[in-house]
Amino acid sequence: MLRNYLLIAFRNLFRQKAYSIINVLGLAIGFAAFILIVLHINDELSYDRFHKKANRIYRVCVNGMVAGDALHVAVSGAPTGEAMVRDIPTILAFTRIDKFPQSVHFSYNNRNFYQDGLLFADSTFFDLFSFKLLRGNPQQALVDPYSLVLTKSVAAKFFGEEDPIGKIIKMNDNANFHITGIVEDPPRNSHFSFKAIASFTTMIEMNGAEAYTNWGSLSLYTYVLLAKGVAPEEAEKDFPELYLKYMEDLSKLDNITFEPYLQPLTSIHLHSNLMAEIETNSDINYLYAFLAIALFILLIACINFMNLATARSVKRAKEVGLRKVVGAYRKQLIFQFIGEAMILSFLALIFGLILIEIVLPTFNHLLDKNLILDLFSNGTPIILLTCLAVVVGIVAGSYPAFYLSAFQPVKVLKGSFTKGPGKSSLRNVLVIVQFSISIFLIICTAFVYNQLNYLRQSKLGFTKEHIVIIPLRGQRMFDKAQTIKSELKNLSFVSNVASSRFVPGRDMDGSGFIPEGYEETNPIIIFNNQVDFGYIETMEMKIMKGRDFSNEFSTDSSSVVINETLVRKLGWEEPIGKKITAFGREGAFDLSVIGVVEDFHFRSLHDVIEPGLMFIGENNTRFICVKIKPGNVQQNINMLHDKWTDLESSMPFDYYFLDEDFDALYKAEQRIGEIFIYFTIIAIVIACLGLFGLASYNAEQKTREIGIRKALGSSVNRIVIMLAKQFAKWVLIANVVAWPVAWYFISEWLSNFAYSINVMDKWWIFLLSAAIALVIALLTVIYQTIKAAVVNPVEAIKYE
């Protein structure tokens, strides 16, 4: 019996080639899209789970209030971990991480390298984390000051085949580090990456132990290890008492409160979006969106199958009638039709896997990942894919199976079986669902790209174009900053040159200040930048009140320019001349306001503009900002390189463009936009395949009607309009379904940005999506409708 069912199933598939191809192709594309997205989701969910103690490792984060402003940060004070291990029995170990904010210069035997990804970490780093140390002792590698562990790839880059252990390498031309270990390159599914790890005792040696005793300076990433079986809530119960014990001075302040808490290591990548994250994280909501897209695409493919199967029900009515007459039970017919759906599903899965192998490199490039589809490492993938094919086969084939098996043999064999007006209602609903999903994706894609365009074109409060940023590294380079600026300014293509401690897009320090009129026990957090006299002019910031810094005023070395947000926060009607004192500096850092600058974004537009100030600190700058004239960019860069080499031959020239660096802040959104485009196209293609099949069948069913209409004088145009009208109606109804759903989801997504487009202002996107979907649908069916309309009426009337 089974052999008979399979034989009939394959005969039907080969006899109805167009129907089979449309179904297999649609399902194959649906399978490929679904599996690719599941691979991505599985990779995102795997972050940090490779650590053996992952379920016991937590990061110490802080919620706080400073001057009425909420503070949610991923960092904590330097003494936090040590005190927790000492005073809380359930916390067994800790390690601190300090991420160096820019690339460093390494030199070895007259070879020079720039390398990013430098961390400073405690000696317990390898006790908590399961990064594999290939060479060296994990307990001793980060104990001594100026110890350095390199990743395998960086060690090969620096030393080639030479054994690096014990070698001395110079960093930033002012510190010699001993290589004490080689570590395997960290997996991509770690929430922080690194290329080199230096001992934390190096920082203590450089800056002094007192620099790491301040509980109120939230600057380090602290990770703790809990005892087995201990819930984080149990350890957190002791935190208030601990902070009162060690932060007695800070607790006396009127407007500052800190509340530490434990964040699970495995939740950081998808569930954490705090201030000062060690690296940019993903968002669990994006995974939900991708999973929804994957299910939508698979659903559209299943809808195609159901639509085409039920539409062709008349073709199989006599087969069902004859089978029932000769004794077939309904359950046997159901089994047969679901079996045919299963065969199609497995064929589609095979072609889908082939399609994945073709597009996976492009998908990896799009996501900047290295995903692989390993079917044979264990039996799990095969089992899951088999289950997927079975489920899809049952979902896609169940309704047609129950529908076809319910035909009454008497009516069918007498020729009185007809598909009344209610028979096609489900097909219409399914087509509406398909196009509702497609329209929803079109709208989302359009809004994502409009928001990205808004982010790129928004007024930032400074000019990012034609600004070349040259990082300075090491004290010797800091001391030479003025000389380098003077020489670069003499180049003909250079408009202006300035230096600063921070540059936009890479944040600024947030420190406590006491504005005039505030009590000493009532400091506020102000983000600050140390700049030189030409910085505001070079960045083309707009002075709203007062004036810029000037060498002509000797007092400007103790002056400050503040932003509009700070003026509003302080409620100063006339800010010029007001005093601002750095908190904790005992009056030695009093600054007088000489100007107010227009608000500018020093972080991405995800975040609101914070109160900020700039003061002169020419001896503490870390970047040189060179504004070059438009045109001949590569030639100008080459000339900057030559001038740098003349001034500093021992340290290679390094630079980046400010606009490119700032735009990179929206890399995640850029990828999301590209993913939406690709999968929107896939959803539309699958929907159009089904529509093409339905249009073909619809035209076939109306062949005699078309012939009669032509014989009575109807034109080809009128017949085409008649056939296409019903499809246009479905698409228009689909818009009614898709618009409110898209409106809701887009509004929610835009709420993640402090600055975003207004959905109401972009109403035209909804109309455009309707027009696009309608045009696509009509183009899909137009060939079949014209083909049916031009048939010779004599032949058409003889049809059937």
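The values are calculated or read from the model by the stated rules, or taken from the named source; none is laboratory data. In this text the structure is predicted, and so the values were computed from the model without any measurement. We place every Cβ from the backbone using ideal geometry, glycine too, and count neighbours over all the protein chains shown. Accessible surface areas use protein heavy atoms only, side chains included; no ligands, DNA or RNA. Shrake-Rupley method; radii C 1.70, N 1.55, O 1.52, S 1.80 Å.
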> Do any of K52/K170; K167/K485; K52/K369; K157/K369; K545/K667 go past 26 Å between their Cα atoms, and which?
Replying inline: K52/K170; K167/K485; K545/K667
> Under a 1.4 angstrom probe, counting protein chains only, how are T124, T213 ranked by accessible area, largest first?
Replying inline: T213, T124
> So how do I432, I179 rank on accessible area, 1.4 Å probe, biggest first, that is with the largest at the start?
Replying inline: I432, I179
>> Can you classify segment 160-218 as rounded, prolate or oblate using the Cα gyration tensor, where a ≥ b ≥ c are the square roots of its eigenvalues, rounded means a/c under 1.5, and otherwise it's prolate if a/b beats b/c and oblate if not?
In response: oblate
> Hey, got the Cα dimensions of segment 14-108 along the principal axes, in Å, largest first?
Replying inline: 78, 44, 37
> Shape of segment 507-662 from its Cα gyration tensor (a ≥ b ≥ c, root eigenvalues): rounded if a/c is under 1.5, otherwise prolate when a/b > b/c, or oblate?
Replying inline: prolate
> Along segment 39-50, what does the Karplus equation 6.51 cos²θ - 1.76 cosθ + 1.60 (θ = phi - 60°) give for ³J(HN,Hα), rounded to whole Hz, x for Gly and Pro?
Replying inline: 4, 5, 5, 4, 5, 5, 6, 8, 4, 6, 7, 7
> Once you list every other residue whose beta carbon is under 13 Å from the beta carbon of D144, what net charge do they have if Lys and Arg are +1 and Asp and Glu are -1?
Replying inline: -2
> Any idea of V685's accessible area? Nearest 10 Å², probe 1.4 Å.
Replying inline: 60
> Reachable aspartates and glutamates from K459, Cα under 14 Å, same-chain residues fewer than 8 places away excluded?
Replying inline: E540, E598, D599, D659, D663
> Shape of segment 61-157 from its Cα gyration tensor (a ≥ b ≥ c, root eigenvalues): rounded if a/c is under 1.5, otherwise prolate when a/b > b/c, or oblate?
Replying inline: oblate
>> So, taking all protein chains as they sit and a 1.4 Å probe, how much accessible area belongs to L774, in Å² rounded to tens?
In response: 40
> Extent of segment 114-239 along each principal axis, from alpha carbon coordinates, in Å, largest to smallest?
Replying inline: 52, 33, 23
> Exactly which trypsin sites (Lys or Arg not before Pro) in segment 141-235 are in a DSSP loop and have at most 16 other Cβ atoms within 10 Å?
Replying inline: R188, K228
> Once the Cα atoms of segment 447-493 are picked out, what are the Rg and Dmax in Å?
Replying inline: 17.1, 49
> How much accessible area does W763 have with a 1.4 Å probe, in Å² rounded to the nearest 10?
Replying inline: 150
> Which aspartates and glutamates have a Cα lying under 19 Å from the Cα of K725, excluding residues fewer than 8 positions away in the same chain?
Replying inline: E700, E705
